[in-house]
Amino acid sequence: MSDWSTPPQLAAEWKCKPHAVLKFISSGELEAFDISHNPGTGRPRWRIHRDAVKAFEQRRSATAQAD
């Protein structure tokens with residue numbers, strides 16, 4: 001497995017639609033990098049690092065936190 005994923009790859013892993021992953025990115029909940037030639041203009045090409053995925057999943061897990 002690569003250290004980097006695209007939104008469609010991550011959506012397949014999470015069994016959701018790519019749009020859901022893009023919402024997490026746009027809300028700032030999921031850290032991603034735009035690797036397009038001119039970031040901020042045109043269509044972004046998002047890449048998500050596995051560490052960001054792991055951090056996101058830990059924050060959204062349903063496990064109880066100890067006091």
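Just so it is clear, none of the values below were taken in a lab; they were calculated from the coordinates. Remember, it's a predicted structure, so these values are computed and weren't measured experimentally. Methodologically, a virtual Cβ is constructed for each residue, glycine included, from the backbone with ideal geometry; neighbour enumeration extends over all protein chains shown.
Per-residue answers, yes or no, for (1) in a helix (DSSP H, G or I); (2) under 15 Å from D3 (Cα atoms); (3) of a type outside the set (A, V, I, L, M, F, W, C); (4) under 11 Å from the mean Cα position of the chain (by Cα):
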residue: C16; (1), (2), (3), (4): no, no, no, no
residue: N38; (1), (2), (3), (4): no, no, yes, no
residue: T41; (1), (2), (3), (4): no, no, yes, no
residue: I48; (1), (2), (3), (4): no, yes, no, yes
residue: V53; (1), (2), (3), (4): yes, yes, no, yes
residue: A62; (1), (2), (3), (4): no, no, no, no
TODO: Sort out which residues of the range 1-48 are acidic (D, E) and either closer than 16 Å to R60 by Cα or exposed (fewer than 13 other Cβ atoms within 10 Å of the Cβ) (or both), and write them in order of number.
DONE: D3, E13, E29, E31
